[in-house]
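No value in this document is a laboratory result; all are computed from the given coordinates. Bear in mind that the values here come from a model prediction, so they are computed numbers and not experimental data. In this analysis, Cβ positions are derived from the backbone assuming ideal geometry, glycine residues included, and neighbour counts consider all displayed protein chains.
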Amino acid sequence: MKVTKDKVVSMHYTLKNDTGDVIDSSEGKETMDFLQGHGNIIPGLETALEGSKKGDKVEVSIEPEEGYGLKMDDAIQEIPRTALQGIDEVTIGMQLQSQDQDGNPFVVTVIKLDDEKITVDANHPLAGETLHFSVSIEDVRDALEEEVSHGHAHSAGGHSH
Ligand code: ZN
């Protein structure tokens, strides 16, 4: 069975940046499962894995445009400190959870602060990076109807939403 739209893929992966540092890896953890064709993973990786099958090893380098995007200046914003009630101490480099208009969570990083305001950067930490993936395809299966309608893979033990 090949990786095509509406297949659930289980993979192991290692992600390196341009200098060869490992940024992320599933090694020693559970496989990462995703539903192909639904934007569960970055576009460049979805394209690279299309048509591969169980047992395949895929090595691919992905430009920022097909990865986490380019760094955007307007993703850097100043917010008043009063907007951060409930957080005792804010430090540079700290990551804060925020929400977009649709209520989807995203993480911003504090890059500057003074007594009144805090400057946060909502760029994905990997924005602007070329991503080097080593993927091994562990399994490919048909998605359940429920998974297709939800637009994501469900784990073997079922789930609760
Ligand atoms: Zn679901």
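Charges on Cβ only, +1 for Lys and Arg, -1 for Asp and Glu, centred on the Cα centroid of the chain; of GLY20, GLY103, THR82, which one is farthest towards the dipole's positive end? After comparing all options, I get GLY20. In this structure, the amide hydrogen of ALA153, modeled 1.01 Å from its nitrogen in the peptide plane, lies closer than 5 angstrom to those of LEU35, counting only residues at least 5 positions away or on a different chain. Taking 10 °C and 1.306 mPa s as conditions, the chain diffuses translationally at an estimated 89 µm²/s according to Stokes-Einstein applied to its Kirkwood radius (Cα pairs). Take the convex hull of the alpha carbons in the stretch 1-73; its mean projected area over all directions comes to 5.7 nm². Compared with the alpha-carbon gap, the fully stretched path from GLU59 to ASP6 is longer by 16.8 nm at 0.36 nm per residue. Couplings 3J(HN,Hα) of the stretch 16-26, computed from phi: 10, 8, 4, 8, x, 6, 6, 8, 7, 7, 9 Hz, in residue order, whole Hz [Karplus 6.51 cos²θ - 1.76 cosθ + 1.60, θ = phi - 60°; x for Gly and Pro].
Think of each Lys and Arg Cβ as +1 and each Asp and Glu Cβ as -1; about the Cα centre, that makes the dipole of the chain roughly 460 debye. Protection proxy ranking, highest mean first, for peptides 43-53, 111-121: 43-53, 111-121, where packing is the per-residue count of other beta-carbon atoms within 10 Å, averaged. 3J(HN,Hα) along the stretch 83-96: 6, 10, 5, x, 10, 5, 10, 10, 10, 5, x, 5, 9, 10 Hz, from the Karplus curve 6.51 cos²θ - 1.76 cosθ + 1.60 with θ = phi - 60°, whole Hz, x for Gly and Pro.
Can you list the residues of the stretch 118-132 with backbone N under 19 Å from a point 7 Å past the Cα of MET72, pointing along Cα to Cβ? Under cut-off, by backbone N: 119-130. The sum of -39500 (n - 2.57) across all DSSP H runs of n ≥ 4, divided by the residue count of the chain, sets its helix-only mean residue ellipticity at 222 nm to -2000 deg cm²/dmol. Seen from PRO125, the other residues with C-beta closer than 14 Å to its C-beta sum to a net charge of -3, counting Lys and Arg as +1 and Asp and Glu as -1. Kirkwood radius, the stretch 73-121, all distinct C-alpha pairs, inverse of mean reciprocal distance: 11.2 Å.
3J(HN,Hα) along the stretch 34-42, derived from phi through the Karplus expression 6.51 cos²θ - 1.76 cosθ + 1.60 where θ = phi - 60°, amounts to 8, 9, 5, x, 10, x, 5, 10, 4 Hz, with x in place of Gly and Pro.
The H on the amide N of ASP24, modeled in the peptide plane, is under 5 Å from the matching H of LEU15, each at least 5 residues off or on a different chain.
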